[in-house]
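Take a look at the structure set out below.
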Amino acid sequence: MKDKYGIKMNYMKAWRSKERAQTQLHGNAKESYNLLPRYLYMLRKTNPNIEKDDDDSFKYAFVALNAAIKGWPNCKPIIVVDGTFLKAAYGGTLLTANTQDAESKIFPLASCIVDSENDKSWEWFLKKIREAFGVRECQCLISDGHESIIKATRKVFPEITHGYASSTSCRTSKQNSRKMQSISECHSLRYKSLHEMEFEFHMRELDNLDKRIRPYTEKIGHEKWSRYHSENNR
């Protein structure tokens, strides 16, 4: 505002101005949440994917568009799940499920609003994914190493392969930036390796950079993150 219009203002005035502009554009968060009971009541008439607490308050909401459900059989049998914080006034967490289409482009499958990333919320989300999309041959699920996802996958998808994102297997202690970049590059090549000789070559490169990496990744399980060791074609 100072550079463009020559207007000087303190931080709080700028913050209040931003809040007022967002309210004019998107409405008031409290008023929007007050509309939820009526909206969800009508939605439950034809959609069973709403969960409420004992006091009839909103708890979880699952959304999977019909286009995503119909498109799933033509995508790769891989589902990648993750969670992120909602920064609105009432907080909460957004869980998402995505896959790749035939051109390796991201194909959104489903999303879910929950209170936080915990055992109950992840189990509920994965149950809804199974109800909506079923289970395909050679299917696998990819996630980070969150304990709640691991527990929920064992319960809801015991028959499919559960692998981790490559970053989960490359958490080391603080390194200088150049060494960390070398580790990241070697790890990426090792993760993508399709043959044993190639995998072991990059593994030895990592051994030379940091002896702690091999024991750590072996403890996780190479089949959880490595393409070569994966039980399915991830």
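The values are calculated or read from the model by the stated rules, or taken from the named source; none is laboratory data. On a predicted model such as this, the values are computed, not experimentally measured, just so you know. Surface accessibility is based on the protein's heavy atoms, side chains included, excluding ligands, DNA and RNA. Shrake-Rupley method; radii C 1.70, N 1.55, O 1.52, S 1.80 Å.
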Problem - Two-decimal Rg/Rh across the stretch 43-156, once Rg and the Kirkwood Rh are taken from alpha-carbon atoms - result: 0.96
Practice task
Could you tell me which of the pairs LYS13/LYS87; LYS45/LYS128; LYS30/LYS70; LYS45/LYS127 are separated by over 29 angstrom between their Cα atoms in the structure shown?
Solution key: LYS30/LYS70
Problem - the stretch 1-113, accessible surface, carbon-and-sulfur percent (1.4 angstrom probe) - result: 55
Exercise for the section: Note the full-extension length gain between ILE7 and LYS105 as 0.36 nm times their separation in residues minus their Cα-Cα distance, in nm to one decimal. Expected result: 30.8 nm
